[in-house]
Amino acid sequence: MSRGESWGRYVALAALAVMWPAMMAYLRGTVQGTAAVVFGVAAVFYCGIYVWYCFVGFRLRGLPISSAAVGSLTFLAVVLDHVSGQISFNYFLIPLLVAGFSFPPRRAVIALSAVGAVSLLELPLLERPPIGEVVLEAILVVPAAVLFGGSTMVLRYLLETLSRLRAARAEIAQHAAGQERYRIARDLHDLLGHSLSLITLKGELATRLLPEGARGASEVRDIVGLSRDALQQVREAVSGYRQPTLSTELTAARVALEAAGIDLEVKQSIGAVDRETEALLGWVVREATTNVIRHSGAKHCRIDLLRVDGRVQIEVVNDGWRVAQAPAGNGLHGLDERLALLGGTLEAAALSDAGFRLRATISGPTQPVLA
């Protein structure tokens, strides 16, 4: 979590200042006896739910969590109004803030309208004023709902845009590094590999032309052996450079999935890994992306990279339901064989409700090897 996000949670708590009518109700003795106890409990739960949302709930971003938070806050706002016997639109401001920040735009508009409608119904239910006063209250409530709810909708949009820009900048840098590796591999193969191959051929020709036991023949054979070893090392280095890199495969996966109309969410917290592990993770991302596009019919895909008990784990989950997804194929069998070489395991199975999960665990060395 960035420093801005960390401080933002505390800044969001300043919205609790709108609860001043509850404090005034206690100070003026508006609520007494049992009503005061109920009022206090409702106010504590109200504030507790909002504090929980600021520190935990906002990161979950699930529709049930967001709906429960907005619904419970709105319900408690109604309770506070009825227990105190006084109308206060302030209690509905925090539900508006949470609704605007939690939901995507279309659902946010629906949630804001619902919370605003509940707040408007409070007036005729509690005080039964003339129709003119109700209309005036509606004229005042609608701009407030648009201001508070709309501001958090805009804030969410700005934060998501900033996050995408940061991710895009990181992906561009990683992609550039991957392209540089491919260029180095190509140059090694074309220049050094060609020269070593020529030296080896010339040396082998020299050993054939020199008579057995001639002076310098053993040195020529040593040169041939050394050049062959150097050529093999260059080929191994080039092969390592040309292995798929995790950053390149994640970038390719994002482009391919977005082109197929599938949203991609990536969570990465594995840190540095050795070249073999990174290449294997790249193969997993490539194979999983291919399967999601071809077989899942999904709308959302999530890739999680994390460490579990010292092992590197990658999990690819999609919400596909249109097409039955087979648990294994030739590509997955090949991937399982690659994982086995590093002591890894592969799990692939359909989820109980909908979707498919591919999980690969690598228990081999995961720290970069220093030369």
*Where does the range 71-114 land on Rg/Rh, using Cα atoms and the Kirkwood Rh?*
1.04
*asked:* Only sites in a loop by DSSP and with at most 10 other Cβ atoms within 10 Å count here; which trypsin sites (Lys or Arg not before Pro) in the range 1-98 make the cut?
replied: ARG28
*asked:* Per residue, how much accessible surface does the range 1-115 expose to a 1.4 Å probe? Answer in Å², no decimals.
replied: 52
*Do you know the relative contact order of the range 42-107, to the nearest whole percent, from alpha carbon pairs under 8 angstrom that are 6+ apart?*
40
*So, with a 1.4 angstrom probe, what is the percent of accessible area on the range 252-351 that is carbon and sulfur?*
51
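The values are calculated or read from the model by the stated rules, or taken from the named source; none is laboratory data. Predicted, not measured: the structure shown is a model, and the values here were computed from it. Note that we place each Cβ from the backbone using ideal geometry, even for glycine, and neighbour counts take in every protein chain shown. Ligands, DNA and RNA are stripped out before the accessible areas are found, and what is left, the full protein with its side chains, is counted by its heavy atoms. Shrake-Rupley method; radii C 1.70, N 1.55, O 1.52, S 1.80 Å.
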